[in-house]
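S.K.: First the structure, which I've put down as structure tokens, then a few questions once you've had a look.
The values are calculated or read from the model by the stated rules, or taken from the named source; none is laboratory data. The structure presented is a predicted model; accordingly, all values stated were derived computationally and were not measured. Glycine gets a Cβ as well: all are built from the backbone with ideal geometry, and neighbour counts include every protein chain shown. SASA here: full protein model, heavy atoms, side chains in, ligands and nucleic acids out. Shrake-Rupley method; radii C 1.70, N 1.55, O 1.52, S 1.80 Å.
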Amino acid sequence: MAKFDLNDDGVVVIVGSGAGGGTLGNELAQKGIKVVILEAGARNEIQDFINNEWESFTQLAWKDMRTTSGSWQVAKDFPNLPAWIVKSVGGSTVHWAGASLRFDEHEFKIRSAYGDVPGANMLDWPITLAEMEPWYAKAENKMGVTRTNGIPGLPGNNNFKVMEAGARKVGYKEVHTGRMAINSQPRDGRGSCQQIGFCFQGCKSGAKWSTLYTEIPKGEATGNLEVRPNSMAIKIEHDASGKVTGVVYADAEGKQQRQKARVVAVAGNSIESPRLLLNSASSMFPDGLANSSGQVGRNYMRHMTGSVYAVFDKSVHMYRGTTMAGIIRDEAKNDPSRGFFGGYEMETLSLGVPFMAAFLKPGAWGRTFTSAMEQYPQMAGMWLVGEDLPQETNRVTLDPKAKDAHGMPVASVHYDDHPNDLAMRNHAYKQGSAVYESIGATATFPTVPYPSTHNMGTNRMSAKARDGVVNKFGQTHDIKNLFVSDGSQFTSSAACNPTLTIVSLAIRQADHIAGAMQKKEI
Amino acid sequence: MREVDRRTKLNRRTFLQGAATAVPAVAVATSAGLSIEDAWAEGSTTLAPATMKTLVKVARDIYPHDFLVDSYYITAVKPWDGKAAKDPAVKAMIEDGVKRLDQDAQDRHKLPYAQVAWESDRVTLLQGIEQTAFFKAMRSDLVVSLYNQEELWPKFGYEGSSAEHGGYIKRGFDDINWLPKV
């Protein structure tokens with residue numbers, strides 16, 4: 001395994017080891033480029049994962065304090081936990097559900113497709129679906145996405161069968177067990193899904209794709225990739241010409257280190273990435289790095305979300321088996337006649353008893369709540385996930401008061417629901433309930449959003465430097481050897497889960513970085 | 001379909017664990033001639049036994065599950081004694097909170113909270129303090145300390161950790177048999 005010197009200024013330093021950073025790191029390493037990945041969290045491997053929701057949360061989640069504001073429900077229910085993401089090697093690919101969907105064509109050009117929606121900061125991506133298709137194909141092959149590359153779909157579990165029966169009854173057509181980066185048959189040295197459940201707690205069988213046990217060890221095997229866990233990036237430094245020169249980070253002992261770099265790629269998820277750029281402000285870049293547009297931290301998107309749980313008179317045991325192998329796609333289209341732009345997916349979801357208690361109706365108590373809890377084994381559940389629109393005022397900033405253990409200001413996340421999000425959520429609650437009621441649900445519970453698992457948009461892509469932070473390759477408009485490699489690049493959020501697009505962009509970006517390094521452009 | 005066996009698998013170890021640390025509880029019970037149900041409260045070091053008992057009643061009234069015996073609620077609130085021992089502010093919050101609740105109960109029913117007979121009357125009293133730090137701390141702690149007890153999961157038809165059993169691939173992940181044909 002490689003070990004690079006702190007003063008080696010020929011390395012690419014990547015901040016974060018998840019879908020973006022972990023993929024980029026391996027892709028570059030495969031091309032012979034030396035890479036150091038700084039990961040804030042510890043290295044927990046498959047054998048360390050725990051089939052227990054709270055214990056696993058304690059082990060894997062990003063629990064460092066954050067602050068919140070805005071009209072979104074999360075700020076009220078979980079004021080210091082705006083996002084449920086991972087601080088561990090592999091990042092949020094450790095706890096992601098595996099849903100791997102491509103954007104629709106119109107979702108790359110929301111400004112053209114939806115127009116200038118009041119209150120939203122609409123912009124088309126500088127890339128199209130046609131340009132992304134080959135990269136999507138590479139990502140699907142890499143991740144082993146079911147229903148692509150001849151890979152069969154996963155078998156449906158009880159929770160899916162309930163949703164499927166209801167969906168057919170109400171007339172939905174596109175209903176299946178999803179395009180999942182979870183092996184339905186052995187592939188790429190990993191076994192097939194054992195229907196364990198606990199997909200969010202780290203896959204104990206390794207059937208689910210995660211950079212932790214795919215990209216990262218493959219990259220390490222080349223001798224070109226070093227992953228440094230427990231390394232919290234604090235500041236990106238630059239020289240007098242404005243080029244970035246390295247990253248200052250706190251090591252496991254809290255001691256500050258400085259890793260020199262030829263190129264820096266930020267992939268710390270959409271809250272930490274803008275926080276790091278903002279915290280790297282200097283006299284040359286007083287508003288933070290790559291922020292000449294003022295868009296760093298802005299346009300924070302977290303998807304329109306919500307859940308519907310339904311109670312039946314007989315058992316379901318929704319927690320058994322793959323958590324999210326089930327989807328209804330009929331509402332994912334853009335059909336403004338429903339009263340909103342964009343669309344949403346319905347995807348199977350289950351929580352165990354401990355998380356159901358915490359998330360079914362945060363703050364609720366008394367017999368209405370406990371009666372619902374007592375129906376747990378007869379419950380089916382779905383997650384509603386749809387496009388939310390970028391708003392300039394939805395943003396990540398540095399908290400003026402609160403600081404973390406390293407003295408760095410914590411991220412403050414402001415989010416107001418757009419009227420479009422509210423209209424979509426109401427529609428989705430109604431449709432989700434209808435699915436279950438059509439086959440005899442005795443009660444349905446419209447459940448409010450959980451802390452955000454899909455965080456996007458805070459360093460968005462734009463054709464013009466004044467509209468966003470990065471260009472079509474994730475390269476910052478302002479600093480040519482500084483890249484953004486995670487979902488914060490997203491110009492729009494689309495209806496679907498973001499990981500496949502993050503991985504596709506990272507593969508594409510690796511080609512661009514390697515080419516630019518070879519041509520000595522960076 | 002494979003149903004979950006919800007019967008209480010009550011063994012002595014589980015029960016005594018639930019009712020605070022085993023040995024002191026038994027020792028206190030035998031030496032003082034108390035029943036085991038009360039002994040756990042006598043074992044508290046910082047909060048008065050009466051306060052602990054009121055907390056148990058409050059816990060049950062916040063999350064009432066009639067199929068759960070008191071030991072689960074005792075397990076859920078017992079750690080407050082230790083927290084109160086470490087932090088005077090916590091001790092004051094709990095003691096003041098219980099005092100206020102008892103005072104409200106006296107004003108309305110001429111009884112301390114724990115002796116108000118009907119749950120609905122006690123719930124009305126709790127609604128009166130819903131915005132206090134005491135109630136918020138009790139509820140937000142309880143939603144984890146109660147529902148995160150593995151011993152009670154089977155009663156909710158939940159089977160907990162599954163990887164060590166080979167997942168559900170051969171244990172009923174797709175065994176639903178009552179759905180209409182699609």
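S.K.: Taking segment A:66-97 on its own, how many of its residues are under 18 Å from A:Ser273 (Cβ atoms), assigned to a strand (DSSP E or B) and either open to solvent by 20 Å² or more (accessible area, probe 1.4 Å) or out of contact with any helix residue (DSSP H, G or I) (no Cβ under 8 Å at 6 or more places or on another chain) (or both)?
M.R.: Of the residues in segment A:66-97, 2 are under 18 Å from A:Ser273 (Cβ atoms), assigned to a strand (DSSP E or B) and either open to solvent by 20 Å² or more (accessible area, probe 1.4 Å) or out of contact with any helix residue (DSSP H, G or I) (no Cβ under 8 Å at 6 or more places or on another chain) (or both).
S.K.: Among the candidates A:Ala428, A:Ala402, A:Ala411, single out the residue that is of a type in the set (Gly, Ala, Ser) and open to solvent by 10 Å² or more (accessible area, probe 1.4 Å). Explain how you work it out, then say what you get.
M.R.: Numbers: A:Ala428 fails: open to solvent by 10 Å² or more (accessible area, probe 1.4 Å); A:Ala411 fails: open to solvent by 10 Å² or more (accessible area, probe 1.4 Å).
Within the list A:Ala428, A:Ala402, A:Ala411, the selection yields A:Ala402.
S.K.: Could you grab me the full set of residues in segment A:268-287 that are assigned to a loop (DSSP other than H, G, I, E, B) and surrounded by 24 or more Cβ atoms within 10 Å (Cβ to Cβ)?
M.R.: A:Gly268, A:Ser280
S.K.: Let me ask you something else. Go through segment A:471-509 residue by residue and tally those that are among the β-branched types (Val, Ile, Thr), closer than 23 Å to A:Tyr114 by Cα and not in a helix (DSSP H, G or I).
M.R.: Matching residues across segment A:471-509 total 1.
S.K.: Examine segment A:29-40 for a residue that is within 26 Å of A:Ile151 (Cβ to Cβ) and surrounded by 17 or more Cβ atoms within 10 Å (Cβ to Cβ), and state whether such a residue exists. Reasoning before the result, please.
M.R.: From segment A:29-40, those within 26 Å of A:Ile151 (Cβ to Cβ) are A:29-30; that's our starting set.
When the remaining residues are screened for being surrounded by 17 or more Cβ atoms within 10 Å (Cβ to Cβ), the result is A:29-30.
The answer is yes, given that some residue of segment A:29-40 is within 26 Å of A:Ile151 (Cβ to Cβ) and surrounded by 17 or more Cβ atoms within 10 Å (Cβ to Cβ).
S.K.: Out of the residues in segment B:58-74 that are away from every other protein chain (no Cβ under 14 Å) and either of a type in the set (A, V, I, L, M) or open to solvent by 30 Å² or more (accessible area, probe 1.4 Å) (or both), state the one that is nearest to the chain's Cα centre (by Cα). First the steps, then the outcome.
M.R.: Taking segment B:58-74 and keeping what is away from every other protein chain (no Cβ under 14 Å), we get B:69-71, B:74.
If we keep only those that are either of a type in the set (A, V, I, L, M) or open to solvent by 30 Å² or more (accessible area, probe 1.4 Å) (or both) as well, we get B:69-70, B:74.
Working: B:Val69: 9, B:Asp70: 7, B:Ile74: 5 Å.
So, considering only residues that are away from every other protein chain (no Cβ under 14 Å) and either of a type in the set (A, V, I, L, M) or open to solvent by 30 Å² or more (accessible area, probe 1.4 Å) (or both), the one nearest to the chain's Cα centre (by Cα) is B:Ile74.
S.K.: Consider B:Phe173 against the criteria (1) within 7 Å of chain A (Cβ to nearest Cβ); (2) open to solvent by 40 Å² or more (accessible area, probe 1.4 Å): it satisfies all of them except one. Which criterion is unmet?
M.R.: (2)
S.K.: Here's something else I'd like to know. Limited to segment B:143-154, what total is found for residues that are crowded, with 21+ Cβ neighbours inside 10 Å and outside any loop (DSSP other than H, G, I, E, B)?
M.R.: 2
S.K.: Of A:Gly153, A:Gly202, which residue is surrounded by 24 or more Cβ atoms within 10 Å (Cβ to Cβ), among the small types (Gly, Ala, Ser) and within 14 Å of chain B (Cβ to nearest Cβ)? Before the answer, list the steps.
M.R.: Details: A:Gly153 fails: surrounded by 24 or more Cβ atoms within 10 Å (Cβ to Cβ).
Being surrounded by 24 or more Cβ atoms within 10 Å (Cβ to Cβ), among the small types (Gly, Ala, Ser) and within 14 Å of chain B (Cβ to nearest Cβ) holds for just one of A:Gly153, A:Gly202, which is A:Gly202.
S.K.: It is to be established whether one or more residues within segment A:435-451 are touching a Ser or Thr at 6+ places or on another chain (Cβ under 6 Å) and over 17 Å from A:Thr305 (Cβ atoms).
M.R.: Here is the first cut: in segment A:435-451, the ones touching a Ser or Thr at 6+ places or on another chain (Cβ under 6 Å) are A:436, A:444, A:447, A:449.
If we keep only those that are over 17 Å from A:Thr305 (Cβ atoms) as well, we get A:436.
Yes: one or more hits.
S.K.: Continuing with the same structure: Is it the case that segment A:441-448 has a residue that's open to solvent by less than 30 Å² (accessible area, probe 1.4 Å) and part of a strand (DSSP E or B)?
M.R.: Looking only at segment A:441-448, we keep the residues that are open to solvent by less than 30 Å² (accessible area, probe 1.4 Å), and these are A:441, A:447.
Okay, now just the ones that are also part of a strand (DSSP E or B), so A:447.
Yes, segment A:441-448 has at least one match.
S.K.: Please work out which one of (1) open to solvent by 20 Å² or more (accessible area, probe 1.4 Å); (2) assigned to a helix (DSSP H, G or I); (3) free of Cβ contacts under 8 Å to residues at least 12 places away in the same chain is the condition B:Leu111 fails and give its number.
M.R.: (2)
S.K.: So, one more: Answer with yes or no whether A:Val145 is open to solvent by less than 10 Å² (accessible area, probe 1.4 Å), β-branched (Val, Ile, Thr), away from chain B (no Cβ under 14 Å) and in contact with a helix residue (DSSP H, G or I) (Cβ under 8 Å, 6 or more places away or on another chain).
M.R.: Yes; evaluated as a whole, the condition is true for this residue.
S.K.: Being outside any loop (DSSP other than H, G, I, E, B), closer than 30 Å to A:Tyr436 by Cβ, of a type in the set (Gly, Ala, Ser) and within 13 Å of chain A (Cβ to nearest Cβ) narrows it down to one residue among B:Ser120, B:Ser140, B:Ser161; which is it?
M.R.: Numbers: B:Ser120 fails: closer than 30 Å to A:Tyr436 by Cβ; B:Ser161 fails: outside any loop (DSSP other than H, G, I, E, B).
Only one candidate passes the filter, namely B:Ser140.
S.K.: Then there's this: Go through (1) open to solvent by 40 Å² or more (accessible area, probe 1.4 Å); (2) at positive phi for A:Pro186 and report which single condition fails.
M.R.: Tallying (1) open to solvent by 40 Å² or more (accessible area, probe 1.4 Å); (2) at positive phi, A:Pro186 fails exactly one: (2).
S.K.: Ok, one more. Quick one: how many residues across segment B:125-137 are away from every other protein chain (no Cβ under 11 Å) and either open to solvent by 60 Å² or more (accessible area, probe 1.4 Å) or not in a loop (DSSP other than H, G, I, E, B) (or both)?
M.R.: Adding up the residues that qualify gives 6.
S.K.: Looking at A:Thr323, A:Thr305, which is the one that is assigned to a loop (DSSP other than H, G, I, E, B), open to solvent by less than 30 Å² (accessible area, probe 1.4 Å) and under 30 Å from A:Ser504 (Cβ atoms)?
M.R.: Exactly one residue qualifies, and that residue is A:Thr323.
S.K.: Condition test on A:Phe340, is it surrounded by fewer than 23 Cβ atoms within 10 Å (Cβ to Cβ), farther than 19 Å from A:Ser485 by Cα and either among the aromatic types (Phe, Trp, Tyr) or without any contact (Cβ under 8 Å) to a residue 60 or more places away in the chain (or both)? Give the derivation first.
M.R.: Values: surrounded by fewer than 23 Cβ atoms within 10 Å (Cβ to Cβ): no; farther than 19 Å from A:Ser485 by Cα: yes; either among the aromatic types (Phe, Trp, Tyr) or without any contact (Cβ under 8 Å) to a residue 60 or more places away in the chain (or both): yes.
Criteria not met by A:Phe340.
S.K.: Does A:Lys173 satisfy the criteria of being open to solvent by 10 Å² or more (accessible area, probe 1.4 Å) and assigned to a loop (DSSP other than H, G, I, E, B)? So that I can check it myself, show each step before the final result.
M.R.: Numbers: open to solvent by 10 Å² or more (accessible area, probe 1.4 Å): yes; assigned to a loop (DSSP other than H, G, I, E, B): yes.
Considered against the rule, which asks whether it is open to solvent by 10 Å² or more (accessible area, probe 1.4 Å) and assigned to a loop (DSSP other than H, G, I, E, B), A:Lys173 comes out as yes.
S.K.: Right, next: Just one of (1) part of a loop (DSSP other than H, G, I, E, B); (2) open to solvent by less than 10 Å² (accessible area, probe 1.4 Å); (3) out of contact with any Asp or Glu (no Cβ under 8 Å at 6 or more places or on another chain) trips up A:Ala290, so point out which.
M.R.: Status for A:Ala290: all satisfied but (3).
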